[in-house]
Each structure stands twice: as structure tokens, then as C-alpha cells.
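Down below is the structure, laid out as C-alpha cells.
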Amino acid sequence: MPKSAVLALDPVLLSAAKFDDEPQWLTDLRQSSWDKAKELALPEFAKINYRHWPLLEFAQDGQTNTNIPDDIQAETESYNFVSVGKTTVKSAIPDDLVKQGVVFCDLQTAAKKHAELLSKYLFTKAIKPDEDRLTAVNASLMDSGVFLYVPHDVSIKEPISLLQVQDSRQKTNFVNHNVIVTDDNSSVQVLQRTETIGDAENPASVAVEVISGPGSHIKFSSLDSLSEKTNAYFNRRGHLEKDSEIDWTMGVLNDGNTIADFDSDLKGTGSHAEVQTVAISTGKQTQGIDTSVTNYGKHSEGNILQRGVLLEKSALVFNGVGKIIHGAHGSKAQQENRILMLSPEARGDANPILLIDENDVIAGHAASVGRVDQKQLYYLMSRGLTKEVAQRLVILGFLGVVLTEIPIAAVRNQMIAMIERKLINGQRTE
Amino acid sequence: MSTLKVTDLHVSVTDEEEKTEREILKGVDLTINTGETHAIMGPNGTGKSTLSETIMGNPNYIVTQGDVTIDGESILGKPVDERARLGLFLAMQYPAEIKGITNAEFMRAAINSRRADDDQISIRSFLKELDKNIKTLNMTEEMTERYLNEGFSGGEKKRNEILQLMMIKPKFAILDEIDSGLDIDALQVVAQGVNEMASPDFGTLMITHYQRLLNYIHPDQVHVMMDGRIVKTGDASLAEELEEKGYAGLRDELGIDANLVDDDVDQTADATGNGDD
């Protein structure tokens, strides 16, 4: 596997990424990851060639702009956590949660105040810093993010919501890392919004580690809308212990090139992951999404459901990987990946990959790449709907199977609004 | 008053596989004013559905000669959605099924497509109207929350077409074999819906094989179509005459050299018609 020709890792980057008063253990983690980064290969994304993307072209003199735009400021009320670039604008949870021992703060604060807890989970269980070059770079250069820890038997009813803004008003690096941990029998809902402000060209590296302790339940939703000029790498990874469950709902609605790795490691017996993804590609962008579920534990269950829509000259690839490790008796792995293409110039691909090393399992897959049904369009238009509105209705209908599964109504409505906006923008240039 | 006028209309379809073009309509003339109810009868394969799809603007039908106008303005260059907004409505023989969009959502979008952005129908008045119409059509509220035609029986689809007609309130409605697949009770309900639409601002063109429908929706004019042309026009009594003599009888009487493709299968098609459940 070739190492990227675009590797531009200056040691200056490492010192610039460091938090103020950073504890030694974190500096050591950065350094050891940094040392390995150059030797590690880029991760493989089947059918996507991203090696020429400037994913690692970080600004060596990356600036920090602490001025917070009004429209972001106005949104802070709706979120528990808001950051712009590396600047934390808001971080707050209700007092009763603090009293119950819930930890919620930015990564910098967590490294100092909750070092013992954070170091137990940061790059230890879900993502490993030496998996590939992109995880190593995220570990070395992480400059923002959130740590959420829910103690055993605590159930948080209201969703914890994060708004993490990439600051591209100038050359600024965005290496974001989040750690979400639920201890035994606890539960929480988390919403992560990522977006970009400004028109500068920057790479983005966003990682989320979700560690669900025994019997715990996490509903994780995300909505990504990074800018056209952002080349983005996402890595969201679940580490599921005994009888725990993670429900993922992810809207990959970026305007720029994106590779995303969404994995769930079903480590514990009876652990269960539901992964739902919606992706829309427009313009000339390429988005490649590897969604994988690995059954290690007996009687574990993982289901993947993905829907993608392509407009204009864009490309979208869904690789669904279902892997069952030897010994995972009675486990289940199902996946369905479907892509709808609106433009003859778009390129869509849906690849189910099943790797099964155990007999006593139930596994299956379905995949399709198709075009909008002309009969449906004609029917809708014959009632007076314009072609654009008719297309959007057919698309929303196509995505509906995922959208209706989104557990939080507010997230669902937000996602539908964002999808409509992206479709309208994509249609405008058709 | 509005007028829908079809003049010397010639229409062909292309056979994708054989790459051949076949002429289906061979010069149709027809004038419908709002306030009037017309019926076109004729055997299968004679071009009745081609006429309705062509008026609506189905891109699969190619007009080779003639014109279709609304109040003197040609609509042939306009896409289907524009024609719909001009006041045309086609109750289709085979409505598409669309998952993920509820019936109610769709109808509201259709109504709003005719209204200005700052004058969209309120949910309240929409629901009030919907409620009234589903009662007339003996439909359940649950059907409006189901996905558009998804899993509907043949009869439910027909009722749903009429429900859309009643909600959208077009100037001209073409009902393409709205009676096929309906049992007598459902037919009465559907006819009642259409009859409620009657007004000086609404014109209907019914397309049917059978006189039966005309017992419930009374036409002002009946046209008989054979081999791509309208061969005879009369009042409601023409339909009764047809019922007696059959299409073949009329053909022979008129001395038309039309090849009735369904000369001998026409009656059996009726016998196998599926009922509304």
C-alpha cells in the first residue's frame, strides 16, 4: 500500500496542537503516535481513491480566531457544547447531572481535571492510535473535542448536543476528537453537529470514540455539513461491552470530499448495534463511507441500513462490512445499502462485504444502485408539482426508511431540513 | 368558461425494442367546455388512453400533427406539471405507488403547487376539506396517512384518484377507465364524488368501455372512438345503442374499415374484471 504523496507533517504542527498546561501522558500519546504516523499506511477504502486529497495538508502556521460569529453565538442556546475551531464557546449540562457524577467538558479540561478517567478510554478501547496514518495523525494533533462520561446506573433523559464548528475563516487546523463513555447500565442520547464557517481550504479530521459499558445504551446521532473546500476524514467507532447497545444515526451531508469510517465492535456477549446512515453527494464531490460491524461477542447483533442520493457529477460509495469473528455463536449481521442517482454523470456504488468465520450465525445483505423512477415522477408532476419538488419528494421517500428511524424528533426534522437544502442547491445547477 | 380543444390530433408511440414508430391517433377532434360532461367509448386498443395521456403530457407519446389548446392557447409545448397547473387533471388507470410520501402530504403539496408562496393552504382548512371528501368517498382517515398508493387495492387506488380530484379541483378532469376494477357499490361512491364536482367551472371527459358508468355519471355527449378516430358523436342514448349493438355492430353500420383488435376478447375482459375489496 502506498504511503501518501501528500504527507506534509512538520514537527511544528505537533507543538502547535498541544493544549495549554497539557499533562505529560497526553504529550507522550501525541509523540508516540506522531513517531508512528510516517510509517503507517493510509487506511483502505474500497473503490475510493482519495490519496491525492489534501487530507494531511495542515497549516503549519495555523491561526486561532477567537471571534465568534453572531449566528453561531445565537445557536449556542440549543446546544450543551459549542466550539469554533479549538475555542470552546459553551460547555454546560444541568446541575443534577453534575451531582450524579456525569463528566462533561472539552478535551483540554478533561486531560487536566479527569486525567485518570480520560486516559482509561482515550485511544485505548475503540480507536487505536497506530491503526493507520489517519488515526495516528488524529491522535498526535487533536486540538478540540468533548469528553462525556456517564456513571453507572445514570439515565440521562434529555439529549446531550454538541455543535462543533470548523473555522475556515482562515487557514486553521481542525483535528477533533471526542470520547463518550457510558458505564454499567447507564443511558444517554448524544447529537453531534459539525459544520464549517468561512471559505478557506482546510482538511478536517473528526474522530468519535463511543464506549458502551455493560448493559448501557447510547443513541448517537450526527449531522455533518462541512464545506465544499474541506477535505474531511471521519472516524466514528463504537466499542460495545456485554449487553450494551449503540444506535447510530448519521447524516453525511458534507459539501466537500469525505471519507468516513463508521465502525461498531461488538465485543461483549449480547451487544447490539444499529447503524443508520444517510448520505447526499452533490457538485463534484466524492464521499466514501465504510460502515462496518464486527461481531466478536456471542449472540451479538449488528444491523446496517444506508441510503444515499447523488446529484450532478458527484460520487458516493457505500462499503458495508459485516465481519463475524470465529466463536461469535448465534450472532447476527444484516446490512442494506441503497443508492439513488439523479444525474447521468453521477457515480454511485454500494458494496456489501461479508467476512464470516463462524457457522452458527445469521447474516445477510441487500444492495442496489438505481435511478429515479420516471413513472413516479410523471405521476407526481401530473398533479402540478414541479420536477424539482417531485424529485425531492421521491428522494425523501427513498430516504424515509432511515429518517423515520431517527430516535430524536428534533434531529429528524433538522436532518430533513438539511437534506432539502442540499437537494435544492444541487438541483439549482442541474 | 374554459374550453379544452383537440384539433386533428395525430399521435405516435415508439417501440423501444423494435425501434419502430406506430401511429395510434389518426386525427382526433374534440371540444369540451367547462360545465359539460363528455364520455369517450370504444374498444380496447383504439387510442382512448393515448388521447388522455397525450392531453396530460405523458412524454412517451409523440404528437405528429394537430393541436391541443386550452382557451385557444396551445399546451403541447408545456410539460406535464405546467398543464396540471393550467387546470388539467388525469385520473390514471394505473397510478404509481410511491413509498415514503403520505397521501395527505402529497395532496397538500399538489394544492400548494397552484398557490403563491405567501398563500399556501393552512393545515386546518386542508384537513377540513380532506375530511369532507373522504367521507363522500367512504374512505378512512388512515388511508390518507398511508404512503401514496402503496399497497392500495385496485379499488382503493381509483377512489384515491377521485379524492385527489376533489382536493385539487381542476378545470378539466379526464377519468381514464375509472370504472375498471370497481364493484357496483364502489362505482356508486366514486360517481358520487365526481358528481359533487359538477359546476359551470368544471368539465369532465370520461373514458370507458362500458355504458354502466354512464348510469351514474350522466354525459352530455358521447363519442365513439375506433381505430384512432372519433367515428360518431351523440347524446347519452348513443351509449345505450352501443350496449345493444356492440362496437362491431356500429362499425358495420357506419361502414368503417376499422380493425377492432379486441373484437372477440372484449366481453371476456369484462367478466374477469377484479372487484373492489
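Every read-out reported here was derived from the displayed coordinates using simple, explicitly stated rules and does not represent laboratory data. Predicted, not measured: the structure shown is a model, and the values here were computed from it. Positions of Cβ are backbone-derived with ideal geometry, glycine not excepted, and every protein chain shown enters the neighbour counts.
Each peptide among A:312-318, B:145-151 gets the average number of other Cβ atoms lying within 10 Å of its residues, and from highest to lowest they stand as A:312-318, B:145-151.
A dipole drawn for the stretch A:1-246 from +1 and -1 charges on Cβ atoms has a positive end, and of A:SER186, A:LEU118, A:LEU56 the residue lying farthest that way is A:LEU56.
Considering only DSSP beta bridges where both residues belong to chain B, give the percentage that are antiparallel (nearest 5).
Approximately 60 percent, going by the DSSP bridge assignments.
Using a Gaussian network model of chain A whose springs link C-alpha atoms within less than 10 Å, name the residue from A:LEU380, A:LEU226, A:LEU40 with the highest mean-square fluctuation. Looking only at A:LEU380, A:LEU226, A:LEU40, the biggest GNM fluctuation is shown by A:LEU380. Dipole of the stretch A:300-430 computed with +1 at Lys/Arg Cβ and -1 at Asp/Glu Cβ about the Cα centre; of A:VAL389, A:PRO344, A:VAL321, farthest Cα towards the positive end is A:VAL389.
Could you rank the peptides A:330-339, B:101-110 by their average count of other C-beta atoms within 10 Å per residue, with the highest value first? Intermediate results must be reported in sequence, preceding the final value.
Details: A:330-339: 22.7, B:101-110: 20.9.
Taking the mean over residues of other Cβ atoms within 10 Å, the ranking is A:330-339, B:101-110.
Taking 7 Å steps out from each Cα toward its Cβ at B:ASN60 and B:GLN192 produces label points 3.4 nm apart.
Please give the charge dipole size of the stretch A:1-246, origin at the Cα centre, charges +1 on K and R Cβ atoms and -1 on D and E Cβ atoms. Round to the nearest 20 debye. I would put it at about 520 debye. The string of couplings for the stretch A:83-91 from the Karplus curve (6.51, -1.76, 1.60, θ = phi - 60°) is 9, 10, x, 8, 7, 7, 8, 8, 8 Hz, one whole number per residue in order, with x for Gly and Pro. Across the stretch A:1-246, the volume of the C-alpha convex hull divided among the residues equals 123 Å³ per residue.
Please compute, for peptide A:392-405, the average count of beta-carbon atoms on other protein chains lying within 10 Å of each residue's beta-carbon.
3
For A:ALA315, nonlocal amide neighbours, meaning residues 5 or more places apart or on other chains whose placed amide H falls under 5 Å from its own, are A:GLN285, A:THR286, A:GLN287, A:ARG347.
Sorting A:HIS365, B:HIS218, A:HIS272 by the number of Cβ atoms found within 10 Å of their own Cβ, with the fewest placed first, yields B:HIS218, A:HIS365, A:HIS272.
When you restrict to C-alpha pairs under 8 Å that are six or more residues apart and normalise by the size of chain B, the relative contact order lands at 27 percent.
Kirkwood hydrodynamic radius computed over the stretch A:269-430 comes to 16.8 Å, based on all pairs of distinct alpha carbons.
Projecting the Cα positions of A:PRO159, A:VAL82, A:VAL175 onto the charge dipole of the stretch A:1-246 (unit charges on Cβ atoms of Lys, Arg, Asp and Glu, taken about the Cα centre) puts A:VAL175 furthest along the positive direction. When the square roots of the Cα gyration tensor eigenvalues are ordered a ≥ b ≥ c, the ratio a/c for the stretch A:55-109 is 1.5 or more and a/b does not exceed b/c, which makes its shape oblate.
When both bridge partners sit in the protein assembly as shown, DSSP labels roughly 20% of those beta bridges antiparallel.
Local charge for A:ALA204 was computed over the other residues whose Cβ lies under 15 Å away, with Lys and Arg +1 and Asp and Glu -1, and equals -4.
For chain A, the Kirkwood estimate of the hydrodynamic radius, built from every pair of different alpha carbons, is 21.9 Å. Converting the Cα gyration tensor eigenvalues of chain B into ellipsoid dimensions via √(5λ) gives semi-axes, longest first, of 30, 22, 18 Å. Evaluating 6.51 cos²θ - 1.76 cosθ + 1.60 at θ = phi - 60° for every residue in the stretch B:42-48, the Karplus couplings come out as x, x, 4, x, 9, x, 5 Hz, glycine and proline recorded as x.
Per residue of chain A, what 222 nm ellipticity follows from adding -39500 (n - 2.57) for every DSSP H run with n ≥ 4, rounded to the nearest 500? Don't jump to the answer; show the numbers that get you there.
Values: 10 runs with 100 residues, N = 430.
It lands at -7000 deg cm²/dmol.
Placing unit charges on the Cβ atoms only, positive for Lys and Arg and negative for Asp and Glu, gives the stretch B:30-144 a dipole magnitude near 200 debye about its Cα centre. From the alpha carbon centroid of the stretch A:309-342 to that of the stretch B:136-195 is 40 Å.
Other residues whose C-beta falls under 11 angstrom from the C-beta of B:ASN33 contribute a net charge of -2, scoring Lys and Arg +1 and Asp and Glu -1.
What residue among B:GLU243, B:GLU161, B:GLU21 has the largest mean-square fluctuation in a Gaussian network model of chain B, using Cα springs under 10 Å? Its mean-square fluctuation being the largest, the pick is B:GLU21.
Here the convex hull built on the C-alpha positions of the stretch B:92-167 has a volume of 88 cubic angstrom per residue. For the stretch A:269-430, the dipole from Cβ point charges (+1 on Lys and Arg, -1 on Asp and Glu) about the Cα centre works out to 660 debye, to the nearest 20. Other residues within the sphere of radius under 15 Å centred on the Cβ of A:GLY370, judged by their own Cβ, net out at +3 (K and R +1, D and E -1). Put simply, the amide H of A:SER155, placed in the peptide plane, has neighbours under 5 Å in A:SER187, leaving out anything fewer than 5 places away on its chain. Per-residue 3J(HN,Hα) values for the stretch B:79-95, derived from phi via the Karplus relation 6.51 cos²θ - 1.76 cosθ + 1.60 with θ = phi - 60°, read x, 3, 5, 5, 4, 4, 6, 6, x, 8, 9, 10, 7, 7, 6, 10, x Hz in sequence order (x marks Gly and Pro).
Residues of B:107-116, mean number of Cβ from any other protein chain within 10 Å of their own Cβ, rounded to a whole number?
Working: counts 1, 0, 8, 7, 2, 3, 8, 2, 0, 0.
Per residue, the average neighbour count from other chains is 3.
When DSSP beta bridges are restricted to pairs lying wholly in the stretch A:1-246, around 15% turn out antiparallel. Note on chain A: with a GNM built from Cα contacts shorter than 10 Å, the maximum mean-square fluctuation among A:THR172, A:THR386, A:THR64 falls on A:THR386.
Let me know the mean shielding of B:80-89 by other chains, meaning the per-residue number of their Cβ atoms within 10 Å of its Cβ.
Going residue by residue through B:80-89 and averaging, the value is 5.
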